Number of protein chains: 2
Amino acid sequence: MTSDVPKPGQPVRGSKTGKPIMALFDLLGRSWALGILWQLSEGALTFRALQDRCEQLSPSVLNRRLKELSASGLVCRGDEGYELTAMGQDLFSLLQPFGGWSEQWAEALGAPDGGD
Amino acid sequence: MTSDVPKPGQPVRGSKTGKPIMALFDLLGRSWALGILWQLSEGALTFRALQDRCEQLSPSVLNRRLKELSASGLVCRGDEGYELTAMGQDLFSLLQPFGGWSEQWAEALGAPDGGD
DNA sequence: ATTATCGCTACCTAATTAGTAGCAACTCTC
DNA sequence: GAGAGTTGCTACTAATTAGGTAGCGATAAT
């Protein structure tokens, strides 16, 4: 294992080609990675605040995800705690539409609304 | 087992609230889920063809993902094999921009281009 | 009948995630 | 400046998921 942070241009978990899109999918396809970006989109959060927002996500996993996301240039530490980098915000702007979509999806599946 | 397919409105892996967005992130945040949607966006593929596109992904994992994605209404079986449902295509349209973004990201990280 | 492909299950090992405890550093109060 | 509280994090273990391989039953062509 060269590195366990998926980087474009390198083989990643499940992908030997290193195609950027596959590296990105690997990075985002890890538990809570998308959730963390989602939570940070509203502003900086301390480690423990982030843990609370992510339903008491264990510190070991949170720390791993934060290291990966930092190494990938999506998250960094500021005065207020962890926050999205410019690139992270840019990625979030692509992610944002998923919020509304997921609600349509919920209705289509006939699932009760979980609230916000 | 109630169900290990994350459905909006129900608690999912790591999320007890069942918020649609969290259920969606759980579903998509499993290995190869995003990759499978990506591959199917170009048209229907048989089980084994899909396996090839996903770099010989093991049948056990592929089958698990396909069941989850089917149960979530994103994928179904047609004459030609597995394909995206209308809802799956709709989701893909949100996913598509990630392709271009990942290439910018690759450059920003100074990674060599993985081709394609 | 034989061979080949296809979709998939069974089984096992490796890796990842989840959960809990607690420490070192820092701040605040007194 | 001792004690209490908070923060960021590491260490360790248990549970869950992913990955890999073998191969079966079904269908189709030879």
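Table for the structure above
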| item | result |
| --- | --- |
| Index of the failed condition, A:R30 passing every other in (1) within 13 Å of DNA strand D (Cβ to nearest atom); (2) part of a helix (DSSP H, G or I) | (2) |
| Answer residue from segment A:41-55, given it is out of contact with any helix residue (DSSP H, G or I) (no Cβ under 7 Å at 6 or more places or on another chain) and more than 11 Å from DNA strand D (Cβ to nearest atom) and is farthest from the other protein chains (Cβ to nearest Cβ) among those | A:G43 |
| Test: A:G110 is within 19 Å of B:M22 (Cβ to Cβ) and outside any loop (DSSP other than H, G, I, E, B) | no |
| Some residue of segment B:14-27 being modelled with pLDDT of 95 or more and hydroxyl-bearing (S, T, Y) | no |
| Qualifying residue in segment B:53-60 (condition: assigned to a helix (DSSP H, G or I), more than 20 Å from A:G99 (Cα to Cα) and more than 9 Å from DNA strand C (Cβ to nearest atom)) | yes |
| Residue check for B:M22: within 13 Å of DNA strand C (Cβ to nearest atom) and not in a strand (DSSP E or B) | yes |
| Residue within segment B:69-92 that is in a helix (DSSP H, G or I), within 30 Å of A:S70 (Cβ to Cβ) and more than 16 Å from DNA strand D (Cβ to nearest atom) present | yes |
| Selection count, segment A:65-88, where residues are within 16 Å of DNA strand C (Cβ to nearest atom), more than 14 Å from chain B (Cβ to nearest Cβ) and surrounded by 16 or more Cβ atoms within 10 Å (Cβ to Cβ) | 1 |
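The values are calculated or read from the model by the stated rules, or taken from the named source; none is laboratory data. Everything numeric in this text was worked out from a predicted model, so none of it was measured. Using ideal geometry, Cβ is built from the backbone for each residue, glycine included, and neighbour counts are taken over all protein chains shown.
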